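Visitor: So that we are looking at the same thing, I have put the structure below in structure tokens.
Laboratory data are not the source of any read-out in this text; all were calculated from the coordinates shown. What you are looking at is a predicted structure, and each value in this text was computed from that prediction instead of being measured. Quick reminder, even Gly has a Cβ in these numbers, built from the backbone with ideal geometry, and neighbours come from all protein chains shown.
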Ligand SMILES: [Fe+2]
């Protein structure tokens, strides 16, 4: 009996190679059927070519097509190709977009290039020019993606280095005041948990947790005599201590990626009634995340031994904070935060 397997196998391999060859998805957006078909015919053997006649159709096909390159007619009836170009470039900066233009209008081409187009082609097309444009565009995309990945890695390495440097700074404060480093770790952990329950987004939490972790970094600038005084601080000493949020803010301000987490560092000692420091912000003037954090900060301070007093129990700490609602702490929000703290009271971190 004739063995069909070698034939079948070679067919599968050929099919596999054909799929392999179509290495990139190309989206053609043009209201002119002739343009769509000629581009498809020119490129279909090498690439997967998808065509749409309107921008709306292109937008809805985006998630399934996942284009790696786009041909776009900039002048379409009813919609503006330039707006679509800007929108795509703002979200998918590495997708090259080649503009199709019916007349050699220098101004149209310049406007498109200024708005991020990779190149432009003028109708009627030169087919070999189309192929070389596609190759250049896809090469550009590959290089762009590599650069983007490299920048991302460099940025995350810098962040990691920065975090370990600040950890060292916190350990330096810890050497003076053994409470700070452990406190910083615990409140940032608790802040992430509570912020998640309060509906903060993941990206917000990612930045704010640094602010929570580094909220007392400014204590590095406070004299040991004040920082580790065994008794209660005098009025003058307290005035010195009140500088730590601003000092911390000044230390971290130049670090760009921390920008959105600095409200916690600067405002974690503001009071709801405006009697806090450093800015004396009142009610809704206090950034929400700082108002949330101040409750967590107080809870952790109350439930730990300090130089000037012994720690309170979980229940007494909650009572003390509740009594300060409307003066130090924000109403409604504080009840919510305390409920969450109470829910997790048996976690070993609390
Ligand atoms: Fe503080």
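Visitor: Treat the count of other C-beta atoms within 10 Å as a stand-in for reagent exposure and order 271, 189 from fewest to most.
Guide: 189, 271
Visitor: Divide by every residue of the chain the summed helix terms, -39500 (n - 2.57) for each DSSP H run of at least 4, and state the resulting mean residue ellipticity at 222 nm, rounded to the nearest 500 deg cm²/dmol. Write out the running numbers ahead of the final one.
Guide: Numbers: 15 runs with 201 residues, N = 350.
Helix contribution divided over all residues of the chain: -18500 deg cm²/dmol.
Visitor: When only Cα pairs under 8 Å and 6 or more residues apart are kept, what is the percent relative contact order across the stretch 158-343?
Guide: In percent, rounded to a whole number, it is 19.
Visitor: Calculate the translational D of the stretch 176-254 in whole µm² s⁻¹ from Stokes-Einstein, where the hydrodynamic radius comes from the Kirkwood formula applied to all Cα pairs, the temperature is 20 °C and the viscosity 1.002 mPa s.
Guide: Translational diffusion coefficient: 155 µm²/s.
Visitor: Quick one: which of 84-93, 115-124 comes out on top by average Cβ neighbours within 10 Å, and what's the full order, highest first? List each step's numbers first, then the result.
Guide: Numbers: 84-93: 14.7, 115-124: 16.6.
Highest-to-lowest ranking by the protection proxy: 115-124, 84-93.
Visitor: Any chance you could give the angle, 0 to 90 degrees and rounded to 10, that helix 33-43 forms with the longest Cα principal axis of the chain?
Guide: 90
Visitor: For the stretch 236-350, what log10 I(q)/I(0) values come out of the Debye formula at q = 0.16, 0.19, 0.23 1/Å, with one point per alpha carbon and no solvent?
Guide: Here the Debye-derived log intensity ratios amount to -0.82, -1.09, -1.33.
Visitor: Please arrange 279, 192 by how many other C-beta atoms lie within 10 Å of their C-beta, fewest to most.
Guide: Going from least to most buried by this count: 279, 192.
Visitor: Using alpha-carbon pairs under 8 Å, 6+ residues apart, how would you state the relative contact order of the stretch 5-146 in percent?
Guide: 20
Visitor: Which order do the peptides 29-42, 138-151, 299-312 come out in when sorted by mean C-beta neighbours inside 10 angstrom, highest first?
Guide: Those peptides, ordered most packed to least, come out 29-42, 299-312, 138-151.
Visitor: Next question. Any idea what % of Cα-Cα pairs in the stretch 5-146 are farther than 27 Å? Display every interim value, and only then the final one.
Guide: On the way: 2033 of 10011 pairs.
Cα-Cα pairs of the stretch 5-146 separated by over 27 Å account for 20 percent.
Visitor: Another question, then. Nearest 10 degrees is fine. How inclined is helix 202-213 to the longest principal axis of the chain, computing both from alpha carbons?
Guide: Orientation of helix 202-213: about 30 degrees from the principal axis.
Visitor: Roughly how tilted is helix 55-65, in degrees to the nearest 10 and between 0 and 90, from the longest Cα axis of the chain?
Guide: Roughly 80 degrees, rounded to the nearest 10.
Visitor: If you average the sequence gap of Cα pairs under 8 Å that are 6 or more apart and divide by the length of the chain, what percent do you get for the contact order? Provide the component values of the computation, followed by the final result.
Guide: Numbers: 439 pairs, mean separation 32.6, N = 350.
Here the relative contact order equals 9 percent.
Visitor: Treat the count of other C-beta atoms within 10 Å as a stand-in for reagent exposure and order 76, 69 from fewest to most.
Guide: In increasing order of surrounding Cβ atoms, one gets 76, 69.
Visitor: Using a Gaussian network for the chain with springs between C-alpha atoms less than 10 Å apart, which of these wobbles most: 321, 59, 207?
Guide: Among 321, 59, 207, the largest GNM mean-square fluctuation belongs to 59.
Visitor: Sort largest first and round to whole Å: the equivalent ellipsoid semi-axes of the stretch 76-197, each the square root of five times a Cα gyration tensor eigenvalue. Display every interim value, and only then the final one.
Guide: Numbers: eigenvalues 540, 60, 24 Å².
Value: 52, 17, 11 Å, ordered largest first.
Visitor: Largest first and in whole Å, give the semi-axes of the chain's equivalent ellipsoid, each being the square root of 5 times a Cα gyration tensor eigenvalue.
Guide: For the chain, the semi-axes come out at 60, 24, 20 Å.
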